[in-house]
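S.K.: Structure below; questions to follow.
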Amino acid sequence: MKRKISAAAAWYWVLAVLPLLVTAAAYPFFPEIIPAHYNLAGEVDRYGSKAELFILPAIVLILSPVFWGLSGLARKPVGGQKLPPEEQKARNGKVIAVTRLALLAVFNALNLVMLASAWTDAQAGAGRMSWDLYRIAAVILSVMEIVLGNLLPKCRPNSVAGVRTPWTLESEEVWYRTHRMGGFWMVGGGILSLAACPFLPGIWSMGACLAVLVLVSIVTTAYSWWISRRVSRR
């Protein structure tokens, strides 16, 4: 009996190859030499062949099977969990599917932005960014942070994904409380960095986005330790 491919799986592989197809369609319209790298001030510091446009699509193609395999592992329950394996898989299935699609959507958005920016900069010949790529990337990452923050509380104990600290893996209660609070902080951090993007130029907007993400990670890890101590004292 043939196994049916779900709509989420089909969309996943469409998004995996879409950057390559879009880049191949746009390729003939680019000049042979394009801006290939920018410094922190947004100035072009290296020019290269337009064949470099395929670097990001190639990375996406390589990483897509890896992400698919890791998400399959994330369906497996960790040791000591009470739920049977099949139920554990079902409870994590939707979270995994949405996370995979969101991740590939980010890569597709970045590819479109990079193509548009490279074409505009090549036409302008001004020697610097026509688009503020750092700010655009910060906006995309902030939105991704909000999406993942909404998914985090729905993530069940598993062997790969989520806030996997020694304390969350020891206790289901610590796992659930950490992910609920961590999701709240991640959404708040994403909204904060998104709101800051219009007011922070260039690399500063990206720096703020990454700083918020690191801070949320540290606070969430510390919270998992703190809540585990409270649970163990009962």
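S.K.: Once you keep just the Cα pairs under 8 angstrom separated by 6 or more residues, what percentage relative contact order results for the range 135-234? Before the final figure, lay out each step's value.
M.R.: Numbers: 122 pairs, mean separation 38.4, N = 100.
This gives 38 percent for the range 135-234.
S.K.: Only Cα pairs under 8 Å and at least 6 apart count here; give the relative contact order of the chain as a rounded whole percent. Let's see the in-between values first.
M.R.: Working: 301 pairs, mean separation 47.5, N = 234.
Reported relative contact order: 20 percent.
S.K.: With every protein chain kept in place and ligands, DNA and RNA left out, what is the accessible area per residue of the chain? Probe 1.4 Å, answer in Å².
M.R.: 56
S.K.: Residue farthest toward the positive end of the dipole of the chain, with Cβ of Lys/Arg at +1 and Asp/Glu at -1: which of I59, M129, M181?
M.R.: M181
S.K.: For the pair I191/V17, report the inter-label distance in nm, with labels modelled 7 Å from Cα in the Cβ direction.
M.R.: The answer from the label model is 4.1 nm.
S.K.: Label-point separation (nm) for R164 and Y47, each offset 7 Å from Cα along Cα-to-Cβ?
M.R.: It is 4.7 nm.
S.K.: Also: Considering the alpha-carbon set of the chain alone, what are its Rg and its Dmax in angstrom?
M.R.: Radius of gyration, then largest Cα-Cα span, for the chain: 20.7, 68 Å.
S.K.: Still on this structure, please answer the following. Considering amide H positions built from the backbone, and no H for Pro or chain starts, which residues 5 or more places from G48, or on another chain, come under 5 Å of its amide H?
M.R.: I34, A36
S.K.: Rounded to the nearest 500 deg cm²/dmol, what is the calculated helix-only ellipticity per residue at 222 nm for the chain, with -39500 (n - 2.57) per DSSP H run of length n ≥ 4? Present the calculation step by step, with values, prior to reporting the outcome.
M.R.: Numbers: 7 runs with 159 residues, N = 234.
Calculated from helices alone, the mean residue ellipticity at 222 nm is -24000 deg cm²/dmol.
S.K.: Follow-up question, since we're still on this one. Rounded to the nearest Å, what's the spacing between the alpha carbon centres of the range 90-164 and the range 26-56? Just the number, please.
M.R.: Taking the Cα centre of each part, the range 90-164 and the range 26-56 sit 21 Å apart.
S.K.: Can you list the equivalent-ellipsoid semi-axes of the range 104-171, largest first and in whole Å, using the square root of 5 times each Cα gyration tensor eigenvalue? Before the final figure, lay out each step's value.
M.R.: On the way: eigenvalues 296, 21, 18 Å².
Working from the Cα gyration tensor, I get semi-axes of 38, 10, 10 Å.
S.K.: Using +1 at the Cβ of each Lys and Arg and -1 at the Cβ of each Asp and Glu in the chain, identify which of V14, M206, A41 lies farthest towards the dipole's positive end.
M.R.: The residue sitting farthest along the positive end of the dipole is V14.
The values are calculated or read from the model by the stated rules, or taken from the named source; none is laboratory data. Computed from a predicted model, the values in this text were never measured in an experiment. So basically every Cβ, Gly included, is an ideal-geometry build from the backbone, and we count neighbours across all protein chains shown. Heavy atoms of the whole protein, side chains included, go into the accessibility calculation; ligands, DNA and RNA do not. Shrake-Rupley method; radii C 1.70, N 1.55, O 1.52, S 1.80 Å.
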